[in-house]
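The values are calculated or read from the model by the stated rules, or taken from the named source; none is laboratory data. Keep in mind that what you see is a predicted model, and the values were worked out from it rather than measured. Here the Cβ positions follow ideal geometry from the backbone for every residue, glycine too, while neighbour counts run over all protein chains shown.
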Amino acid sequence: MKLQGRTVIVTGADSGIGQAIATLFAAEGADICIGYHTDADGAAETRRRVEAAGRKAVLVQGDVGSPSDVRALFAAAAGLGTVDVLVNNAGKGMGGTPVDELEDDMLELVLRTNLMGPLFCSREFIRLRKANGGQGRIVTISSVAQHLPTPGSAPYGMSKAGVGSLTRSLAVELAPHRINVNNIAPGLIATPMTADRLDDPEKKEKSMDRIPWRREGHAEEIARLALFLASDDGDYVTGQTWTMDGGLTMNWGGA
């Protein structure tokens, strides 16, 4: 088992990629602190999966964009042991709103969740790991939007690009403490957030035209990459964004 005896926080672990990561990490021996915002039923299902793997789980409701909620998340995780791995997965999507029509509250929500959330969680994790002699892993889930133009979703794209910058900065800053920091940029992954696109044959075909691999990705595939980065297998990797998109970004300009 690659994570035997380790304690992991996964934010946004109530569905999709976060749920898949929590499930796989538990199967690999980790106890999981399941962070979620509003989907209590989804979070309970994640706990069921973790416990079915024979591991301990704790559920924590909160907003990663709130520093006080993040502190509460880490306080609850301490009941499982000292946190070894942080997976910043919680995110907020948006679309169809040009910048000149963008309301302040939506801008604030997207940036606080997608950019400040990983920063707040990473800050708390770094303080904890330094107090315990260093070492540890931070894995953040961003999006191919950090590499591509996002008309109608500019705050989303800029938030994801910011996560890439944060990853590079933290990797250098934390290398003396042997804290690895990496980022995964998924393409079109089959999750509840993408169901409207994948369940509509016309929308799905349009999406497949851009993807050389001609299929959507699956949350379990992202989870396996996250496992590599969170485990000792990925010890010599830090400061990188791993794009997992079936070739989407390579084909963007010609599609």
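For the reader, a short list of remarks on this structure follows.
- Residues in the stretch 178-196 that are modelled with pLDDT under 95 and not in a loop (DSSP other than H, G, I, E, B): Ile189, Ala190, Pro192, Met193, Thr194, Ala195, Asp196.
- Being out of contact with any His (no Cβ under 8 Å at 6 or more places or on another chain), in a helix (DSSP H, G or I) and under 27 Å from Tyr156 (Cβ atoms) is true of Met106.
- Hits in the stretch 197-230 (condition: surrounded by 14 or more Cβ atoms within 10 Å (Cβ to Cβ), part of a loop (DSSP other than H, G, I, E, B) and charged (D, E, K, R)): Arg210, Glu216
- The residues of the stretch 79-101 that are more than 22 Å from Arg197 (Cα to Cα) and crowded, with 16+ Cβ neighbours inside 10 Å, listed by number, are Leu80, Val83, Asp84, Val85, Leu86, Val87, Asn88.
- Filter result (in contact (Cβ under 8 Å) with a residue 60 or more places away in the chain and either part of a loop (DSSP other than H, G, I, E, B) or among the hydroxyl-bearing types (Ser, Thr, Tyr) (or both)) within the stretch 58-91: Leu80, Gly81, Thr82, Val83, Asp84, Asn89, Ala90, Gly91
- Thr194 satisfies every condition listed in (1) over 15 Å from Gly18 (Cβ atoms); (2) buried (at least 17 other Cβ atoms within 10 Å of the Cβ); (3) out of contact with any Lys or Arg (no Cβ under 6 Å at 6 or more places or on another chain); (4) not basic (Lys, Arg) except (1).
- Matching residues, the stretch 148-164, being more than 16 Å from Lys92 (Cβ to Cβ) and either of a type in the set (A, V, I, L, M) or surrounded by 20 or more Cβ atoms within 10 Å (Cβ to Cβ) (or both): Leu148
- Looking at Ser122, Ser142, just one residue is within 19 Å of Ile184 (Cα to Cα), of a type in the set (S, T, N, Q) and free of Cβ contacts under 8 Å to residues at least 60 places away in the same chain, and that residue is Ser122.
- Among the residues of the stretch 231-255, those identified as exposed (fewer than 14 other Cβ atoms within 10 Å of the Cβ) and either outside any helix (DSSP H, G or I) or under 15 Å from the mean Cα position of the chain (by Cα) (or both) are Asp235, Tyr236, Ala255.
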